[in-house]
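A short worksheet on the structure shown next.
Each reported figure results from applying straightforward, stated rules to the coordinates on display, with no laboratory input. The structure presented is a predicted model; accordingly, all values stated were derived computationally and were not measured. Here the Cβ positions follow ideal geometry from the backbone for every residue, glycine too, while neighbour counts run over all protein chains shown.
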Amino acid sequence: MKQIFRLTLLATTILFTSCNLSAQQKDNYSTKIDSLLKTTNPRDFNGVVYIQQNEKLKYAKAYGFADLNKKTLLKIDDKFSTMSIAKQFTATLILQEVEKGTIDLQIPIRKYLPDFKYKWADTVTVHQLLNNTSGLYSENMDKPLKFKPGTAFSYSNVGYYVAGLVLEKQSGKSFETLVTLLFKKCKMKNSYYPNETSHQFLTKGHFIKKDGTIKQFEKISFTPDQYWGSHLIVTVSDLAKWNECLHNGKLLKPATYKLITNYSITNNHQLFGEKAIGYGYGLRINDKADIYEIGHTGFHPSEGFTAVNLYYPKTKTSLIVMENQANENFEIAYYFEQEIRKIVKESKFLK
């Protein structure tokens, strides 16, 4: 009888231990991400992954090269281009002016830019510039609008340039001054407005061609009129500070914050799957998923950077992936970002 009891106890212990190990392995996101970053198919990873929750670091790993030609290894505190993640900084600065009463989101921009040569300024509003419903093309203001403003979605980098002109006019300050003050407010000590000095801190961008060859860019080719929507210089840890600042009431009043995270238009993006999700002001809003998710991507092959910044308000978690490379094959451009997102969303600490 004692022997049977011992065998039963042993079997129960083994089963319990096995279940515990299985549960740990199932939720071992760190090991899974580590393994993923070593993958070479369908492509290599070259960048930094950073996860923070409640202002506590959960995961940080740099993998690859800051300068491929010199074989300089990447570090976690290296500086990357935000790419289109810059849009949420511009949107926040504009909303701060909205709070001051200097900008009305729903009035055509002609009021603020009376000498603007484009006739569409008579109908396009700041709201439409910020949520990409202006009808402007991505990089060209000279073409006729694609559609009546406010009736559809069309991603436009140049729309953020126009919104930036309104911001500078109404605030009386340059974008460089405003962004620098914003970085200081959020204690982003290693982030910069792009200029001749700060560009020297930036990692080298790399363009991966479909044939596997790599082109390294020695310097960024963006011009200041593109910074509003496409280029600021940040570290991953500073971007996590930005998330905490923006999404926890340190920059905008509650009512104004709702403006940046509400949406009246939806759009598809490869990272978030096939289903269209909301687009607010420089933020994609995934509020129909099982875990509420806010974020944005950045991708520019001709500069050699790929970026993803995601925030999960329920658990105050930031997931940031920044690569100093961009792949010509767009089907795999966000491969690692998609897979890391999947691992994190399946982990227990987001529940």
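If you take the residues of the stretch 198-240 that are part of a loop (DSSP other than H, G, I, E, B) and in contact with a Ser or Thr (Cβ under 8 Å, 6 or more places away or on another chain), which of them is nearest to Ala60 (Cα to Cα)?
Our first condition is that a residue be part of a loop (DSSP other than H, G, I, E, B); within the stretch 198-240, this holds for 203-204, 209-213, 218-223, 231-232, 235.
Imposing the further condition that a residue be in contact with a Ser or Thr (Cβ under 8 Å, 6 or more places away or on another chain) reduces the set to 220-222, 231-232, 235.
Working: Ile220: 26, Ser221: 29, Phe222: 29, His231: 23, Leu232: 21, Thr235: 12 Å.
Looking at residues that are part of a loop (DSSP other than H, G, I, E, B) and in contact with a Ser or Thr (Cβ under 8 Å, 6 or more places away or on another chain), I get Thr235.
For the stretch 37-80, the tally of residues that are outside any strand (DSSP E or B), farther than 21 Å from Asn329 by Cβ and of a type in the set (D, E, K, R) stands at 6. Screening Ser138, Ser171 for residues that are loosely packed, with under 14 Cβ neighbours inside 10 Å, among the hydroxyl-bearing types (Ser, Thr, Tyr) and more than 22 Å from Ile294 (Cα to Cα) leaves exactly one candidate, Ser138.
Annotation for the stretch 86-99: no member residue is more than 24 Å from Gly249 (Cβ to Cβ), out of contact with any strand residue (DSSP E or B) (no Cβ under 6 Å at 6 or more places or on another chain) and either in contact (Cβ under 8 Å) with a residue 12 or more places away in the chain or of a type outside the set (A, V, I, L, M) (or both). When residues in the stretch 321-351 are screened for being of a type in the set (A, V, I, L, M, F, W, C) and free of Cβ contacts under 8 Å to residues at least 60 places away in the same chain, 1 of them pass. Is it the case, given these coordinates, that Tyr137 is of a type in the set (Phe, Trp, Tyr) and in a loop (DSSP other than H, G, I, E, B)? Yes; evaluated as a whole, the condition is true for this residue. For Ala307, the requirement of being free of Cβ contacts under 8 Å to residues at least 40 places away in the same chain and out of contact with any Phe, Trp or Tyr (no Cβ under 6 Å at 6 or more places or on another chain) is not met. On inspection, Ile51 fails the criterion of being surrounded by 14 or more Cβ atoms within 10 Å (Cβ to Cβ) and farther than 30 Å from Asn132 by Cα. From the list Lys258, Lys215, the one residue that fits, being touching a residue at least 12 places away in the same chain (Cβ under 8 Å) and surrounded by fewer than 18 Cβ atoms within 10 Å (Cβ to Cβ), is Lys215. The number of residues in the stretch 320-351 that are within 15 Å of Val308 (Cα to Cα), of a type in the set (D, E, K, R) and in contact with an Asp or Glu (Cβ under 7 Å, 6 or more places away or on another chain) comes to 0. Scanning the stretch 316-337 for residues that are polar (S, T, N, Q), buried (at least 17 other Cβ atoms within 10 Å of the Cβ) and over 22 Å from Trp242 (Cα atoms) turns up Gln325, Asn327.
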